[in-house]
Amino acid sequence: MERSLTMELVRVTEAAALASARWMGRGKKEAADNAATEAMRKVFDTIPMQGTVVIGEGEMDEAPMLYIGEELGTGHGPEVDVAVDPLEGTNILAAGTWGAFAVIAIADRGNLLHAPDMYMDKIAVGPECAGKIDINAPVIENLKAVAKAKNKAIEDVVAIVLNRPRHDQIISEIREAGARIKLITDGDVAAALNTAFDFTGVDIMFGIGGAPEGVLAAVGLKCLGGELQGKLKPQNDEELRRCHEMGIADVDKVLTMDDLVKGDDCIFAATGITDGELLKGVQFKEGSIGTTQSLVMRAKSGTVRFIDGRHSLRTKPNLVMK
C-alpha cells in the first residue's frame, strides 16, 4: 500500500470535520452527519486508489453516500478496504460536547472484517498491556493485569466505559476493585484509542458498543501496538444470520486483532470536530479561517503523526454551511 495515502486520508477527515463542525450544538445530528459524509465523499474522489467501503453509512438503499460496497478513489492505485465514520459521535456534536471526530481506516483488499451493524462486546488496551488481557476473564483480573503491566496500583488505573444501563454490572465490578472510571456518553472509537496515549489518562476500555466501531478502533490500535478483543452480540435472528454469513458459527468466538484487521499494513486517520482528550476540535477564526488537529498512523512503519491544519474557507466554499 502506498505510504503517500496517509496524508491523502488526512485531507478527507479534515474536510469532514470542517463541514460538520458548523453544526456543533445545534441539535441537528442528521444534518451534521450529512455534511461530514458529503465532504468526505468529494475528497475521496481525488485519491489515487481503488477503494471499496466495507464499513460505512449503511447499505446502498439506506444511505446516499459512502454506503457499504461503494467504490471510492480515482480507480487507479492500490486496492483497499475502507472503513469510515464521517462523524463519530453524532449526539456529541449535536449537543456540543466532548470528543466527536471524523475517522477513516484502510487496509489491503480483504483484510478488514466486514462487521455487520450490530453490538460487539469489547476490551481495549494500549501497547504496554497488549497480550495481557482476556475478554472472557473477570473485570478484576483484567484490571490487575493492566496495573501490573503499567507498574501502577489498581487504585490508579482508569477504565473508560460507555454510560449505559447495560454496563451497570461492569461499572459495579470496577468500583469494587477500587479502580477509577471515566464514563462517556458516546464515542468508543476515541475511547479505545485513548488507552494507547499516556496523556489521556485512560488505561483500559470495557463494554458493549457498535461492531463497525470495533473494527475502526482495532486498526488504530494495530498502528499503535495496542490490542482490542471483541465478541459479536446479535440481538435477534436476523443479526444471528448475518454472523453466520460472515462465517462466524459460534457467536461467542473471541475476535482477535488478526480477525478484525489482517496483515501488517493498515492506515488510520482522524480529525477532531469537538475537543477531546486526544484531539482538539475545529475552531473558526477571523478571516474565514478554520483550524484542525488530526492524527494519522500507519501500522507497517509504526509512524504516528499529529497534524495541525489551518484552512482558508474562502477557497473551500463547499465546507461553508448553507
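Taking the numbered list (1) open to solvent by 30 Å² or more (accessible area, probe 1.4 Å); (2) in contact with a helix residue (DSSP H, G or I) (Cβ under 8 Å, 6 or more places away or on another chain); (3) of a type in the set (A, V, I, L, M, F, W, C); (4) part of a strand (DSSP E or B) in turn, residue 297 passes all entries but (1). All conditions in (1) in contact (Cβ under 8 Å) with a residue 60 or more places away in the chain; (2) not in a loop (DSSP other than H, G, I, E, B) hold for residue 81, with the sole exception of (1). Any residue in the range 224-235 that is among the hydrophobic types (A, V, I, L, M, F, W, C) and within 18 Å of residue 82 (Cβ to Cβ)? No, every residue in the range 224-235 fails to be among the hydrophobic types (A, V, I, L, M, F, W, C) and within 18 Å of residue 82 (Cβ to Cβ).
Applying the selection to the range 49-70, what residues are at pLDDT 95 or above and open to solvent by 50 Å² or more (accessible area, probe 1.4 Å)? Once the filter is applied, which keeps residues that are at pLDDT 95 or above and open to solvent by 50 Å² or more (accessible area, probe 1.4 Å), the range 49-70 yields only 50.
Of everything in the range 1-37 that's closer than 25 Å to residue 304 by Cβ and basic (Lys, Arg), which residue is surrounded by the most Cβ atoms within 10 Å (Cβ to Cβ)? Checking each candidate, the answer is 11.
The lone criterion from (1) assigned to a helix (DSSP H, G or I); (2) buried (at least 17 other Cβ atoms within 10 Å of the Cβ) left unmet by residue 279 is number (1). Among the residues of the range 206-216, those identified as open to solvent by 10 Å² or more (accessible area, probe 1.4 Å) and either closer than 19 Å to residue 136 by Cβ or of a type in the set (S, T, N, Q) (or both) are 206, 208. For the range 225-267, filtering for residues that are among the hydrophobic types (A, V, I, L, M, F, W, C), in contact with a helix residue (DSSP H, G or I) (Cβ under 6 Å, 6 or more places away or on another chain) and in contact (Cβ under 8 Å) with a residue 40 or more places away in the chain leaves 6.
Residue by residue, here is whether (1) open to solvent by less than 40 Å² (accessible area, probe 1.4 Å); (2) within 19 Å of the chain's Cα centre (by Cα); (3) closer than 29 Å to residue 4 by Cβ holds:
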position: 235; (1), (2), (3): no, no, no
position: 240; (1), (2), (3): no, no, no
position: 245; (1), (2), (3): no, no, no
position: 248; (1), (2), (3): yes, no, no
position: 255; (1), (2), (3): yes, yes, no
position: 258; (1), (2), (3): no, yes, yes
position: 264; (1), (2), (3): no, yes, yes
position: 269; (1), (2), (3): yes, yes, yes
position: 272; (1), (2), (3): yes, yes, yes
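The values are calculated or read from the model by the stated rules, or taken from the named source; none is laboratory data. As the structure is a prediction and not an experimental result, all values here were calculated from the model. FYI the Cβ positions are ideal-geometry reconstructions off the backbone, even for glycines, and counts take in every protein chain you see. The protein model used for the area step is the full one, side chains on, heavy atoms only, and it has no ligands, DNA or RNA in it. Shrake-Rupley method; radii C 1.70, N 1.55, O 1.52, S 1.80 Å.
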